[in-house]
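Novice: Before we start, here is the structure in question, set down as structure tokens.
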Amino acid sequence: MKDELLWQILDGGLEDHLVCELIWERLGYLQAADLVWQAGPATPPEWSKAYPIAPDFIAERAPTVMLTRSIPTAYKQLLK
């Protein structure tokens with residue numbers, strides 16, 4: 001991810017849906033013909049089981065907590 005894109009996200013310069021799409025892509029979700037994002041073969045099993053349809057990370061707390069918990073401890077300080 002380029003620094004410019006990261007700053008846009010942090011500064012609120014991207015629409016919420018675009019931020020979710022960036023996360024979904026990195027979690028292996030794929031956009032189906034009906035434009036719904038679904039778990040794909042590269043989606044980690046814990047994600048595809050909990051969320052077969054890509055969750056809204058902005059509106060829903062549970063997937064955001066799951067995402068935060070999936071970050072290795074060594075990198076969590078960078079979030080603060």
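The values are calculated or read from the model by the stated rules, or taken from the named source; none is laboratory data. Here the structure is a predicted model, which is why all the values come from computation and not from measurement. Backbone-built Cβ (ideal geometry, glycine too); neighbour counts: all protein chains shown.
Novice: Among the helices (runs of 4 or more DSSP H) confined wholly to region 1-52, which include 3 or more residues that are at positive phi? Lay out the reasoning, then the answer.
Specialist: Values: elements: 3-10, 16-26, 45-50.
In region 1-52, no matching helices (runs of 4 or more DSSP H) lie anywhere.
Novice: List every residue pair whose Cβ atoms sit under 7 Å apart, with the two residues 6 or more apart in sequence or on different chains, where the first one lies in region 54-68 and is under 23 Å from ASP34 (Cα atoms) and the second, anywhere, is hydroxyl-bearing (Ser, Thr, Tyr) and in a helix (DSSP H, G or I).
Specialist: Final answer for the pair search is PHE57/THR64.
Novice: How many of the residues making up region 22-47 are without any contact (Cβ under 8 Å) to a residue 12 or more places away in the chain and among the small types (Gly, Ala, Ser)?
Specialist: Residues that pass the stated criteria total 2.
Novice: Would you check which residues across region 3-49 are among the aromatic types (Phe, Trp, Tyr), over 13 Å from LEU67 (Cβ atoms) and within 14 Å of the chain's Cα centre (by Cα) and list them? Lay out the reasoning, then the answer.
Specialist: Just the residues of region 3-49 that are among the aromatic types (Phe, Trp, Tyr), to begin with: 7, 24, 29, 37, 47.
Then keep just the ones that are over 13 Å from LEU67 (Cβ atoms); that gives 7, 37.
Within region 3-49, just TRP37 meets the criteria.
Novice: In region 63-79, which residue that is of a type in the set (A, V, I, L, M, F, W, C) and modelled with pLDDT under 90 is surrounded by the most Cβ atoms within 10 Å (Cβ to Cβ)? Step through it out loud before you land on a result.
Specialist: Filtering region 63-79 down to residues of a type in the set (A, V, I, L, M, F, W, C) leaves 65-67, 71, 74, 78-79.
Imposing the further condition that a residue be modelled with pLDDT under 90 reduces the set to 71, 74, 78-79.
On the way: ILE71: 11, ALA74: 7, LEU78: 7, LEU79: 7.
Among those residues, the one meeting the criterion is ILE71.
Novice: Out of region 53-71, which residues are under 19 Å from LEU5 (Cβ atoms) and not in a loop (DSSP other than H, G, I, E, B)? Write out each step before concluding.
Specialist: The initial filter retains those residues of region 53-71 that are under 19 Å from LEU5 (Cβ atoms), namely 57-58, 67, 71.
Hit for region 53-71 is LEU67, nothing else.
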